[in-house]
Amino acid sequence: MGHIARLTRYALKHKRHFIGFMSIASVATLFNLFTPLVLRDIVDQVTSGANFQTAIFSIFLYLSLFGFYCFFDFIQRYLSALMAQHVIYDLRTELYQSLLEKDLAFYDRNETGQILARVTTDVTTMRQFLLWGYRVIFIGAASLIGTYYVMWLINVQLTLLLLPILPALLLIIYIFAKKVRPVFFSARTQYGTLSAVLQENIVGMRVVQSYVSMDRERERVRKENERYLGLVVDAFRLSAFYSPLLIAVLGIGTGVLIYMGGVQFSAGVLSYGEFVGFVSLVGMLLLPARFLSWGIGLYQRASAAAERTFYILDAREEIMDPEDPAEISDIRGEVEFKNVYFSHGGENWVLKDVSFKVQPGQVVALLGRTGSGKTSVVNLIPRFYDVDSRRVVEYNGKVYALDNKGHVKIDGTTYHEHDGFIVVNGEELQVQDPGHIEIDGVDIRFYKISELREQIGMVHQDPFLFSASIKENIAFARPYATDEEIENAARAAMIHDFIMTLDQGYDTEVGERGVTLSGGQKQRIAIARALLADPRILILDDSTSSVDANTELQIQRALENLMRGRTTFIITHRLSTIRNADIIIMMDRGRIVEMGNHSELIEKEGMYASLFQTLSRMAAIALEETGGRVS
Amino acid sequence: MKRILSYILAYPRLVIIVIIMVASSIIFSIYAPFVLQHAIDTDFVSGDLDALLQTSLLYIILVILVWLTSYGQGYTTTLMGQRAVYTIRQSLFEHLQRMSQAYYDKTSSGSIISRLTNDIDRMSELLSGGLINTFAQFFIVFGVAVVIFTVDFQLAIITLLVVPILAVATHIFRKRAREAYRETRKTISRVTANFAETISGAKVTKTFTREKESMEKFDELNRDDYQANVDAAKFASVFFPAIRFVGGLGVVLILFFGAARIVEGTLTVGVLLFYIQMNSLFFRPVIILTNFYNTVQSAFAGAERVFAIMDSEPAVLDRPDAVELKDVRGHIRYRNVWFAYVDENYVLEDFNLEIQPGETVAIVGDTGAGKTTVVNLLNRFYEVQSGSIEIDGINIRDVTLKSLRANIGLVLQDSFLFMGTIKDNIRYGRPEATDNEIIEATKVIGAYDLIQRLEKGFDTEVGERGGRLSEGERQLVSFARALLANPKILILDEATSSIDIYTEHTIQRGMQKLLEGRTSIVIAHRLSTIVNADRILVLENGRIVESGTHAELMAKREKYYSLYEKQIRPRTMVF
């Protein structure tokens, strides 16, 4: 109920259309209901021997009533389409807005396809309801009642006799909603499963064939296919049973009417016209019954769809702008992490007690295997995520968060905080206050998010380019940059020469519809993009490189141009970059295990030293036969 | 058409039941109005209540029979149609399984999937319901048209008058509406594409704070879609009221002529009511019939594409006298092999290669040199055009595909995983493997710690195509999968970029274990693999231009040396 009520609030924002179509629908229904009365008059006039002229007048009345009904029916359909379209427009705008505002944690939690379905397919389902749902339910209910009222006007006794039709119709409608439609729904779901299995097989056919598992896959497909067959047949069987039952109930009503009408006719209580009117009225019950059943189906589907879509609007915004943001016009680029803890979903601790300080213009190399937390470190700086704001304790290398009452559950037991400590098995554990990140000495949460991000540039190994021209992609951060500025950026990024070899130069379209670029080319366009944005702080993800030596050299030069004079965080395996970095941070399972410059860490003879040895050994093999060229 | 029908005719008993159901349902529904007319004109007038009771009971029985026969018709047509659809889908899939790799290389997987889903669904519309329903409607129109002439000629003509108007109006409307809706499909797909891009590019948009511009661009598309839908709504809204008005006009005509005749005394009330009821019987059939052409056209288009696949012969098949390949030692020999993907563009020309059992051969070369072709021919993803490939001296064309591929393991660059758990995926090549064997395999590969560290360990769901694992994790799982299958011959299409240096360090050992005791062909990219190979082959335009160990070839300072400088060394990422 709640979801449709919420959808209705959107509809009521367009009161003129909403009230307009509802009232016109009522008028149309009225016109339609009175046609059987006129039919009665016509038949009575011609059978009672009155002159044909009166009948002709009634026939014209019938025609005009019917004409008006059709006309108003058209108007209400059109108005409700307008209303539906307005609401969809509003809803999409709001959804889009909310997608733009979501933090990255939202995109991590929800798969792209899922989000997309919620803002497209589900919205279409709601549109169906807006378009048809309100009016078929309204017209259905009004017509059912209205038809009985008109019957009552003609003959009370027959009306009472035919009253049981009503609960019978409602029962069928109920069965449809509770019993039949769920089966159709499961058939749909099963179809999804079947498609997924088929798709997987087609895409992975090489693997299937090389592991000679055709028979097994065939059986898997057969199983899903059979299940689908069963459900579809079930669904249609049920629907074939109950759907014509509506007509049958009305037919039985007509049968009863024939007998009782005949009895009354012989007694002289019922006229020909009244009888014909009644037959026509009973027939008229079919449409509203179908309307109601259909409307309820629309309601069920739209309600589920609305729940999924509103989820996106409601997903709580964790990262918000401060009310009174700090000035950020001219930052120097000093970055400090102070006791930073960070978790995904509140439980998976990705960063544990990370602290370091970087002076403006320094280069920081982050090292560590996949999952060590180095990517999380750089994602926290532009506030794609926020530092965990709970107080924590560490016990046996694990992190536990305190709730706001100072309670914490460790291995199933709840402990309480006393004066900043928690005692577990006689061991005093200090409670850590929430950590934070500072830029130029100010907590980054005090800056306006958009202004903060303008100061930070990011270049990925495999950057995302939009389906637009190269020029638009480079000028993404500064759409009004001059052609000269764009070209200068491209030159510094070592990509200008390549762009000029393309037929349409800077106007060449990239992305889905445009040319396909190699990873190295995309990376350099992204470097140009960052150069033009001119941020104070730079984040470079350069961990996996597989380009030829020439490209490699160009990328390296482009990166050097980009890094000049900026505070830089770089994730890389490039030995020279690591060696020249001002600070090397070695991470493992969410913690900083070693930190310092190259010579300091070599002296330490720890993890970095052994990794450096491996790298050097590989370098030695690589360089051995080539005359020992070292760059 | 014949061929589509053949899938239905496979169930002759069902077909007969369907026909009986359809026919009786039509007869019963047309007969009912007659009974009503009889009641009014005979029993009402005579006042014979017993006769009236009989008539009304007959009416009720007819109504119930109509219900039961419609149920029977609906059920049996669905059963027949959906069984046909099931069979078509299953046989198309089984056929696709036998298609060679050549087919999958030149056909996009998206279009194949579309054959298996959308196109078959189109046929399904026709097969289950569409066809039978249309014939039923046709018979109703025909039947009603005949029956009404038996009662009153003049009113029958008048009743029929509306049918052509109805048909023409529907036809015209359909055409205009289709055009209007085509526009809305265009606008909605643009909206969807923009949504998709926004979701995938969320991070970039945020980095460069371009929210406002994105919003403006989206608003434009959203507005276009609004306008297109409102335009289309104009047509859609007018259709049903207009059709109903035509029907009402028919009733008015019947009333006008009928009323005059009743006054004259040449017509009874019952007959008048009969024609009014008959008028309404025309609606549905006409609407359905005018749509029949589209349903058929769409189904035929689908069927054509589906049958085209079924009719294409798999390029690689077992010979009738093929034998099982057993007890493989792992000796491989390419003899004068010629191969071209298209026409005469030979990728391999007179290719010769001998590999000893247990030897590890690394193939290096530029993209397009023919590296992948060499291994694709070995497990008969493609068939050589001339020459032969032998395993232990047996021509691979003389053995069954099944036994051949069972002896050759394949580890792919993109390491494709199936939906299911990590455990399921590791035992993919050997379903009967025990949990201990699985754990053992991952330990050998060096993936055990990594998997243990995942929240659900070996029971972690990998998601669609392994999407929930990182590239490196997927690669390790596929190593373990290959190790567990324990083939005598191993083909490794090496992943260049998916393993970071930390994992590389872990994997080097695991890879050695995987290659141990097997004949291995590695399409190599990584320095460590190449250096450890027994022999390196340098491929250029489908020819082996150099062969030897790393040290030998480096000393030569020729092809391998320059390839190494250009490609291999940069990949080690040590500068």
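Below is a table of values for the structure above.
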read-out: Filtered residue count, the stretch A:403-455, keeping only those that are surrounded by fewer than 12 Cβ atoms within 10 Å (Cβ to Cβ), among the polar types (S, T, N, Q) and within 20 Å of residue A:390 (Cβ to Cβ); value: 4
read-out: Residue check for residue B:290: hydroxyl-bearing (Ser, Thr, Tyr) and not in a loop (DSSP other than H, G, I, E, B); value: yes
read-out: Yes/no for residue B:254 being under 24 Å from residue A:45 (Cα atoms) and not polar (S, T, N, Q); value: yes
read-out: The listed residue being free of Cβ contacts under 8 Å to residues at least 12 places away in the same chain, small (Gly, Ala, Ser) and either outside any helix (DSSP H, G or I) or more than 11 Å from every other protein chain (Cβ to nearest Cβ) (or both), out of A:20, A:49; value: A:49
read-out: Residue that is surrounded by the most Cβ atoms within 10 Å (Cβ to Cβ) [pool: residues in the stretch B:181-214 that are farther than 22 Å from residue A:111 by Cα and at the interface with chain A (Cβ under 7 Å from one of its Cβ atoms)]; value: B:208
read-out: Sole residue being within 18 Å of residue A:452 (Cβ to Cβ), part of a helix (DSSP H, G or I), away from every other protein chain (no Cβ under 14 Å) and within 29 Å of the chain's Cα centre (by Cα), chosen from A:377, A:387; value: A:377
read-out: Count - residues of the stretch B:434-481 that are within 22 Å of residue A:111 (Cα to Cα), without any contact (Cβ under 8 Å) to a residue 40 or more places away in the chain and within 14 Å of chain A (Cβ to nearest Cβ); value: 9
read-out: Single residue of A:105, A:117, A:142 found to be within 30 Å of residue A:264 (Cα to Cα) and surrounded by fewer than 22 Cβ atoms within 10 Å (Cβ to Cβ); value: A:142
read-out: Residue match in the stretch B:93-106 (condition: without any contact (Cβ under 8 Å) to a residue 12 or more places away in the chain and more than 7 Å from every other protein chain (Cβ to nearest Cβ)); value: yes
read-out: Residues of the stretch A:321-365 classified as outside any strand (DSSP E or B), surrounded by fewer than 17 Cβ atoms within 10 Å (Cβ to Cβ) and on the phi > 0 side of the Ramachandran plot, total; value: 3
read-out: Some residue of the stretch B:368-378 being in contact with a helix residue (DSSP H, G or I) (Cβ under 8 Å, 6 or more places away or on another chain), within 21 Å of residue B:542 (Cβ to Cβ) and within 14 Å of another protein chain (Cβ to nearest Cβ); value: yes
read-out: Candidates B:46, B:29, filtered to the one that is at pLDDT below 90, among the hydroxyl-bearing types (Ser, Thr, Tyr) and over 42 Å from the mean Cα position of the chain (by Cα); value: B:46
read-out: Residues being β-branched (Val, Ile, Thr), within 7 Å of chain A (Cβ to nearest Cβ) and within 52 Å of the chain's Cα centre (by Cα) - total across the stretch B:224-276; value: 3
read-out: Lone qualifier among B:43, B:50, B:119 - being surrounded by fewer than 17 Cβ atoms within 10 Å (Cβ to Cβ), at negative phi and either part of a helix (DSSP H, G or I) or of a type in the set (Ser, Thr, Tyr) (or both); value: B:50
read-out: Residue in the stretch A:263-276 that is touching a residue at least 24 places away in the same chain (Cβ under 8 Å), in a loop (DSSP other than H, G, I, E, B), within 12 Å of chain B (Cβ to nearest Cβ) and of a type outside the set (Gly, Ala, Ser) present; value: yes
read-out: Boolean, residue B:168 is within 40 Å of the chain's Cα centre (by Cα), of a type outside the set (S, T, N, Q), over 30 Å from residue A:198 (Cα atoms) and modelled with pLDDT of 85 or more; value: yes
read-out: Residue in the stretch A:165-188 that is in contact (Cβ under 8 Å) with a residue 24 or more places away in the chain and of a type in the set (Ser, Thr, Tyr) present; value: yes
read-out: Condition met for residue A:465 (closer than 23 Å to residue A:542 by Cα and hydrophobic (A, V, I, L, M, F, W, C)); value: yes
read-out: Residue check for residue A:480: among the aromatic types (Phe, Trp, Tyr), free of Cβ contacts under 8 Å to residues at least 40 places away in the same chain and part of a strand (DSSP E or B); value: no
read-out: Qualifying residue in the stretch A:292-309 (condition: in contact with a Leu (Cβ under 8 Å, 6 or more places away or on another chain) and β-branched (Val, Ile, Thr)); value: yes
read-out: So residue A:19, is it over 23 Å from residue A:151 (Cα atoms), surrounded by fewer than 23 Cβ atoms within 10 Å (Cβ to Cβ) and in contact with a helix residue (DSSP H, G or I) (Cβ under 7 Å, 6 or more places away or on another chain); value: no
read-out: Condition check for residue B:111: more than 9 Å from every other protein chain (Cβ to nearest Cβ), of a type in the set (S, T, N, Q) and in contact with a Ser or Thr (Cβ under 9 Å, 6 or more places away or on another chain); value: no
read-out: Per-region count, the stretch A:567-586, residues assigned to a strand (DSSP E or B) and at pLDDT 90 or above; value: 8
read-out: Within the stretch B:56-66, tally of residues that are among the hydroxyl-bearing types (Ser, Thr, Tyr) and either more than 15 Å from residue B:37 (Cα to Cα) or modelled with pLDDT under 90 (or both); value: 0
read-out: Residue count for the stretch A:441-467, restricted to those that are within 10 Å of chain B (Cβ to nearest Cβ), within 23 Å of residue A:361 (Cβ to Cβ) and among the aliphatic types (A, V, I, L, M); value: 4
read-out: The stretch A:67-82, subset among the small types (Gly, Ala, Ser) and farther than 16 Å from residue B:251 by Cβ, residue surrounded by the fewest Cβ atoms within 10 Å (Cβ to Cβ); value: A:81
read-out: Entirely in the stretch A:52-122, the helices (runs of 4 or more DSSP H) that have 2 or more residues that are among the basic types (Lys, Arg) and at the interface with chain B (Cβ under 7 Å from one of its Cβ atoms); value: A:52-101
read-out: The lone exception for residue A:237 - which of (1) buried (at least 19 other Cβ atoms within 10 Å of the Cβ); (2) facing chain B (nearest Cβ under 7 Å) it fails; value: (1)
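The rows are residues; the columns are (1) modelled with pLDDT under 90; (2) under 18 Å from residue A:143 (Cα atoms).
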| site | (1), (2) |
| --- | --- |
| A:27 | no, yes |
| A:34 | yes, yes |
| A:46 | yes, no |
| A:50 | yes, no |
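The values are calculated or read from the model by the stated rules, or taken from the named source; none is laboratory data. Every value quoted in this text rests on a predicted model; they were computed, and no experiment measured them. Using ideal geometry, Cβ is built from the backbone for each residue, glycine included, and neighbour counts are taken over all protein chains shown.
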